[in-house]
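Structure first, commentary second.
We did not get these values from a lab; they are worked out from the coordinates using the rules stated. Remember, it's a predicted structure, so these values are computed and weren't measured experimentally. Ideal geometry is used to build each Cβ from the backbone, glycine not excepted, and the neighbour counts take in all protein chains shown.
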Amino acid sequence: MGIARTADEYYQQLRGLLPAGPAWDPERVPEIDAVLTGVSAEFARLDARAVDLLNEVDPGGVSELVPDWEAVMGLPDACLGLNPAFEDRRLAVRRRLVEVGGQSRAFFIEIAVGLGYSNPTITERRAPRFGQSRFGAANFGTWSAQFMWILNTGPRLKLGRRFGASFWGSRFGSNSSGALECVIHRAAPAHTLEFIKYGES
């Protein structure tokens with residue numbers, strides 16, 4: 001967003017605004033220089049905090065105000081569990097603001113990608129129908145499975161917690177799938193029966 005001015009830039013600006021005359025000459029009155037240095041540091045601090053505030057207004061750059069955004073948006077999401085990681089909470093704030101929902105394959109694939117699965121696909125089952133079915137055709141099911149679809153997650157989570165790529169306090173080796181299952185089941189159309197197949201594309 002914005003760029004904050006440094007204390008030195010504020011100092012130079014304030015020096016340039018001093019009126020003319022011996023009473024304002026920093027060489028004759030060194031106290032003037034001390035005052036300008038102190039005020040410049042405070043102006044720079046306030047400017048930096050103003051830039052931080054502008055970044056916090058946009059959920060794309062939110063960090064400090066995540067709890068406030070969560071209170072407005074009805075978060076944290078129950079699908080993230082009792083103690084979600086901060087990055088997951090921040091991502092949920094962004095998603096809640098821009099997500100519009102949907103029933104397409106692309107919508108559910110986007111959910112899986114957003115939760116860290118790099119190559120998800122969807123397999124839909126159809127009931128066999130006269131004139132539309134043929135021998136050797138794949139992805140046909142029974143009459144009871146005509147509204148069934150399968151989310152194939154593809155490879156393991158690309159950002160799974162592991163040695164050398166984790167932060168202090170994260171569960172070592174964890175790669176939870178509970179959030180994906182919860183979000184998919186919640187967003188799935190009511191008349192469908194959805195399954196998740198892990199580790200396959």
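Annotations
- When the Cα positions of 11, 22, 41 are compared along the charge dipole of the range 7-57, 22 comes out farthest toward the positive end, with charges on each C-beta of Lys, Arg, Asp and Glu.
- Length gained on full extension, residue 54 to residue 124: 20.7 nm, using 0.36 nm per residue less the C-alpha separation.
- Segment residue 82-residue 197, length gained on full extension (0.36 nm per residue, minus Cα span): 38.9 nm
- Take the Cα radius of gyration of the range 7-57 and divide it by 2.2 N^0.38 Å, N being the number of residues; the result is 1.41.
- When the trypsin sites (Lys or Arg not before Pro) in the range 28-130 are filtered for DSSP coil states and for at most 13 other beta-carbon atoms within 10 Å of their beta-carbon, the remaining sites are 28, 129.
- Amide H to amide H, with H built 1.01 Å from N, residue 122 comes under 5 Å of 152, counting only residues 5 or more places away or on other chains.
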